[in-house]
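Q: Can you keep this structure in mind? I'll have questions shortly.
The values are calculated or read from the model by the stated rules, or taken from the named source; none is laboratory data. Predicted model, so just to flag it, every value in this text is computed and none were measured. Positions of Cβ are generated from backbone atoms using ideal geometry, with glycine treated the same way; all protein chains shown enter the neighbour counts.
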Amino acid sequence: MPSVAIDDNKRMHLRVSPEAKAKLIRAAAIQNTDLTNFIMQTALKEADSVIEAAEAVVLSRRDFARVLELLENPPKPNAKLGAAIAALPSAI
């Protein structure tokens, strides 16, 4: 997940065209809220949607059944896995 630097202050600066600002103000007024609240509510809903879509794993029924099968009955380690485990530093 990419990391983003976050300023400590609580302000964000946003450049918008006069037409876009007028549309946002109009939509905020229709919802009987102020511009900041309208933008935050809308942006946070979209952020939640984007994050959920990026983090969700959707499997077909067949693939879901296969994952469950592998969790319940994992395959025996192969030679490559055995070599990788042997190459790990010993635990202290």
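Q: From the list 51, 30, 39, pick out the single residue that is more than 29 Å from the chain's Cα centre (by Cα) and β-branched (Val, Ile, Thr).
A: On the way: 51 fails: more than 29 Å from the chain's Cα centre (by Cα); 39 fails: more than 29 Å from the chain's Cα centre (by Cα).
It is 30.
Q: Kindly indicate whether residue 87 is touching a helix residue (DSSP H, G or I) at 6+ places or on another chain (Cβ under 7 Å) and among the small types (Gly, Ala, Ser). Talk me through it step by step, then tell me what you get.
A: Working: touching a helix residue (DSSP H, G or I) at 6+ places or on another chain (Cβ under 7 Å): no; among the small types (Gly, Ala, Ser): yes.
Considered against the rule, which asks whether it is touching a helix residue (DSSP H, G or I) at 6+ places or on another chain (Cβ under 7 Å) and among the small types (Gly, Ala, Ser), residue 87 comes out as no.
Q: Of the residues in segment 51-69, how many are surrounded by 10 or more Cβ atoms within 10 Å (Cβ to Cβ) and not small (Gly, Ala, Ser)?
A: Adding up the residues that qualify gives 8.
Q: Only helices (runs of 4 or more DSSP H) wholly contained in segment 11-92 count here; list those with 1 or more residues that are of a type in the set (Asp, Glu) and at pLDDT 95 or above.
A: Once the helices (runs of 4 or more DSSP H) in segment 11-92 are filtered for at least 1 residues that are of a type in the set (Asp, Glu) and at pLDDT 95 or above, what remains is 18-30, 35-55, 61-72.
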